[in-house]
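The values are calculated or read from the model by the stated rules, or taken from the named source; none is laboratory data. These figures come from a predicted structure and were not determined experimentally. All Cβ positions, even for glycine, are placed from backbone atoms using ideal geometry, and neighbour counts span all protein chains on display.
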Amino acid sequence: MIFPLKLINSIIQFKDYHFLNFNILKTTTIAMNNSKLNGKVILLTGGAGFIGSHILEVLLEKECIVHIIDSLKTGPIENIPEHPNVHLHVGSVLDFNFLQSIKYIRFDMIFHLASVVGMKLALKHKNLTYETATQGTKNVLSIFKNIPAVLFSSSSVYGLTTRGACKENDIASDEELLEFDGGETGYSYGKKKMEEIGLAEASKGRKVLIIRPFNIVGTKQLHKFGMVVPRFIKQATENNKIQIYDDGKQVRSFSEVHTFLYCLFKIVENDAAWKNGENIFNIGYPRGCSINELAAAVINETNSEASIEHIPYDAVFPNHTDVKYRVPNTAHGEKYYGTIKWPTINDIIRQILISEKIQVPCKVNL
Ligand SMILES: NC(=O)c1ccc[n+]([C@@H]2O[C@H](COP(=O)([O-])OP(=O)(O)OC[C@H]3O[C@@H](n4cnc5c(N)ncnc54)[C@H](O)[C@@H]3O)[C@@H](O)[C@H]2O)c1
């Protein structure tokens, strides 16, 4: 029997679903030899979240004992493995008494990631977002006194800057960030204040690192809080419309999570990086990708028939202005981690499809 071309396509596409034979991205090996962190006792706040759970994996490779503080608000408990070196303390960094209850543990280092993350959540809960960044950080730093702390800030401290690749000194003013947050204290302003809290401690002699991640993406990032890469992958694989807010010409740096970790640990493990005045780092792919390019890459890698829909930004985020261009200048960090070959957005999408076992239809070239 002869089938018309279109029908053959649909038979193959819908009956012969299988995993495409992608080449799995080699995850960057994070140097184990002579690691200063080997066997240390670590406090990891936000450890159930996307980046935190990846940090946990690295720390376990280094045979650290890891105490996690997480409210489990956006980080699923499934991200925390049952492991003799992992201790989970469920609660909020805003709860002083709760933090006091583990004050007796002698930590060697703090990785502080607990935060309200994602535009939708942060705009919906501005005050909680701000308080978590500021009071939450004060609580952690004051209860676990003098312990070296790696504080997770954000590229959002650059506000609406379009002056090209952001250098660490290009941080936006308080007024710009308040306006960027929609006229009230929120995520970006909170992260700037969090940095100031950390830097004040550093000026008194404490070891503090400030890390500004730029759109970290990869496996375990959840779509349900609106993160753009998992959201597009979900829409594409369900053949729904891919919804792009605004014209899609906004440019971001999509930075693969394992490569991010490689850079992070190169910094954390180098004493010189902690020196006051040197201790703020952008980490991210120093090359931009527009949201339109991202959507096209997702459609291509998932062989999706989804169409693209542009939605006015104001309809999704009223009273908020989107950033047109946000890409890091990474010259400062490169002194510690060298020149990095970051995976492309297509590499990253393939890696997510494989590691999360997302089925995509086979490409048919008749
Ligand atoms: N993912 C990115 O691209 C990105 C970019 C810039 C900055 N960051 C920063 O990196 C950190 C981790 O981000 P992520 O993408 O893994 O987000 P995430 O939402 O996956 O992780 C945040 C974790 O913090 C926990 N948490 C929230 N409020 C808490 C509280 N009051 N007490 C204790 N735990 C609480 C959540 O349950 C979650 O597990 C955050 O500080 C974020 O601001 C991330």
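Considering only the stretch 84-106, I want to know if a residue exists there that is within 24 Å of the chain's Cα centre (by Cα), buried (at least 20 other Cβ atoms within 10 Å of the Cβ), within 10 Å of the ligand (Cβ to nearest atom) and not in a loop (DSSP other than H, G, I, E, B). Within the stretch 84-106, none of the residues are within 24 Å of the chain's Cα centre (by Cα), buried (at least 20 other Cβ atoms within 10 Å of the Cβ), within 10 Å of the ligand (Cβ to nearest atom) and not in a loop (DSSP other than H, G, I, E, B).
Quick one: in the stretch 188-221, which of the residues that are among the charged types (D, E, K, R) and within 23 Å of LEU123 (Cβ to Cβ) is farthest from the ligand (Cβ to nearest atom)?
Here is the first cut: in the stretch 188-221, the residues among the charged types (D, E, K, R) are 191-193, 195-196, 201, 204, 206-207, 212, 220.
Going one step further and asking which of them are within 23 Å of LEU123 (Cβ to Cβ), we end up with 191-193, 195-196, 212.
Details: LYS191: 7, LYS192: 12, LYS193: 13, GLU195: 12, GLU196: 16, ARG212: 7 Å.
For the stretch 188-221, the residue satisfying everything is GLU196.
State yes or no: is PHE225 modelled with pLDDT under 95 and either closer than 19 Å to GLY284 by Cβ or within 16 Å of the ligand (Cβ to nearest atom) (or both)? Taking the combined requirement at face value, the residue satisfies it.
Give me a count of the residues in the stretch 193-241 that are in contact with an Asp or Glu (Cβ under 7 Å, 6 or more places away or on another chain) and either outside any strand (DSSP E or B) or more than 30 Å from GLU269 (Cα to Cα) (or both).
Residues of the stretch 193-241 that are in contact with an Asp or Glu (Cβ under 7 Å, 6 or more places away or on another chain), as a first pass: 208, 210, 217-219, 239, 241.
Remaining after also requiring either outside any strand (DSSP E or B) or more than 30 Å from GLU269 (Cα to Cα) (or both): 218-219, 239, 241.
Summing the residues that are in contact with an Asp or Glu (Cβ under 7 Å, 6 or more places away or on another chain) and either outside any strand (DSSP E or B) or more than 30 Å from GLU269 (Cα to Cα) (or both) in the stretch 193-241 gives 4.
For the stretch 116-125, the criterion of a residue being more than 10 Å from the ligand (Cβ to nearest atom), in a helix (DSSP H, G or I) and surrounded by fewer than 16 Cβ atoms within 10 Å (Cβ to Cβ) is satisfied by at least one position. Just name the residue that is nearest to the ligand (Cβ to nearest atom) out of those in the stretch 141-169 that are free of Cβ contacts under 8 Å to residues at least 60 places away in the same chain and in a helix (DSSP H, G or I). Result: SER156.
Restricting attention to the stretch 229-271, the residues being within 17 Å of GLY118 (Cβ to Cβ), within 14 Å of the ligand (Cβ to nearest atom) and either free of Cβ contacts under 8 Å to residues at least 60 places away in the same chain or not β-branched (Val, Ile, Thr) (or both) number 5.
Enumerate the helices (runs of 4 or more DSSP H) found wholly within the stretch 280-347, keeping only those where 2 or more residues are closer than 25 Å to LEU151 by Cα. Break it down into steps so the answer makes sense when it comes.
On the way: elements: 291-302, 313-316, 331-337.
Answer list for the stretch 280-347: 331-337.
Tallying residues that are modelled with pLDDT of 95 or more, farther than 12 Å from ASN282 by Cβ and among the aliphatic types (A, V, I, L, M) within the stretch 142-165 yields 5.
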